[in-house]
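What follows is a single structure, written as structure tokens, with notes after it.
Each reported figure results from applying straightforward, stated rules to the coordinates on display, with no laboratory input. Keep in mind the model is a prediction, meaning the values are calculated, not measured. Cβ: placed from backbone, ideal geometry, glycine included. Neighbour counts: every protein chain shown.
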Amino acid sequence: MRENTADTAVVIGSGLSPERWPGSVLAEEDYASIEGMALPAVEGHPGKLLLLDAGKDGFVGGRLLVFAGRTHFYEGADWNGAGGAVAVAAALGCRRIILTQAAGSLKRSLPVGSWMLPSEIVSMPWKGSVEKDSARPAISTSLREKVSSAAAETGIETADGILYWTAGPLYETPAEAEAAVLMGADAATMSPLPELAAAAEKGLEAVCLSYITNFAPNVSMGATGHMEVLEAGRKGAGTLSSLLPRLAEL
């Protein structure tokens, strides 16, 4: 793919890739053929980069760069590798990136099947390849407001909240989930912190958009499996598909 393909990129989380993409697919490449990208080993992450003309479903919008799936930090990628999608998006001329992910609700008031638009991300101590003067990983307030408006126009209700990141690959224990709550978090994920760090380094605006696929064990008091997350994620894929044309208009 060439530079300046789209202004906006979207990373699609676990099980959230729709069976049919909105608009038309102008170009498609496997991650294996893209320098800086690794094929995801986790089910529910196709590992394809697509350029969509998302404006052909009745919207005036334009092109959208879509990363269908991500390689997680826990899969053995180094810190930069886990943020590889952002580096590729920047190289192709994108100015902003929306990072979607499956997340487990830490509170009964945030139900399965809902969307959360985090205002902040927190984590336990982590070791990343961060230079001395690197910008802190952060969620863009202005882009968050734009995504919130786009979701509302599509009929998608988004909850405010704080996202907790853990390196994985194991799901949180009840005690760990309660610790995340004490940190102020509303939902937990293993996905976007390396990507947010890469966005800060590359100068891209970035936001997270979390689909609640399960309750964390402090709420459910039971174990969560990846297949449960994928099944719930498929229900959110159709909703996300309807939002993509709006995101192309940002």
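Would you mind finding the longest exposed-site-free stretch of the chain, with exposed trypsin sites (Lys or Arg not before Pro) meaning DSSP loop and at most 14 other Cβ atoms within 10 Å?
Within the chain, the longest run free of exposed trypsin sites (Lys or Arg not before Pro) spans 133-250.
What is region 72-211 by shape, rounded, prolate or oblate, if you read a ≥ b ≥ c off the alpha carbon gyration tensor as root eigenvalues and call it rounded for a/c under 1.5, prolate for a/b larger than b/c, and oblate otherwise?
Note, shape of region 72-211 comes out oblate.
Helix-only mean residue ellipticity at 222 nm, the chain, DSSP H runs n ≥ 4 weighted -39,500 (n - 2.57), per residue, nearest 500. What is it?
Value at 222 nm, helices only: -8000 deg cm²/dmol.
Please report how many Lys pairs in the chain have alpha carbons closer than 27 angstrom, counting only residues at least 8 apart along the chain or sitting on separate chains.
Lysine pairs meeting the criterion: 12.
Can you list, bin by bin at 10 Å, the percent of alpha carbon pairs in the chain, starting at 0?
Percent of Cα pairs in each bin: 8, 35, 39, 16, 2.
Taking amide H atoms as placed 1.01 Å from N in the peptide plane, list the residues 5 or more away in sequence, or in a different chain, whose amide H sits under 5 Å from that of ALA159.
TRP115, MET116, LEU117
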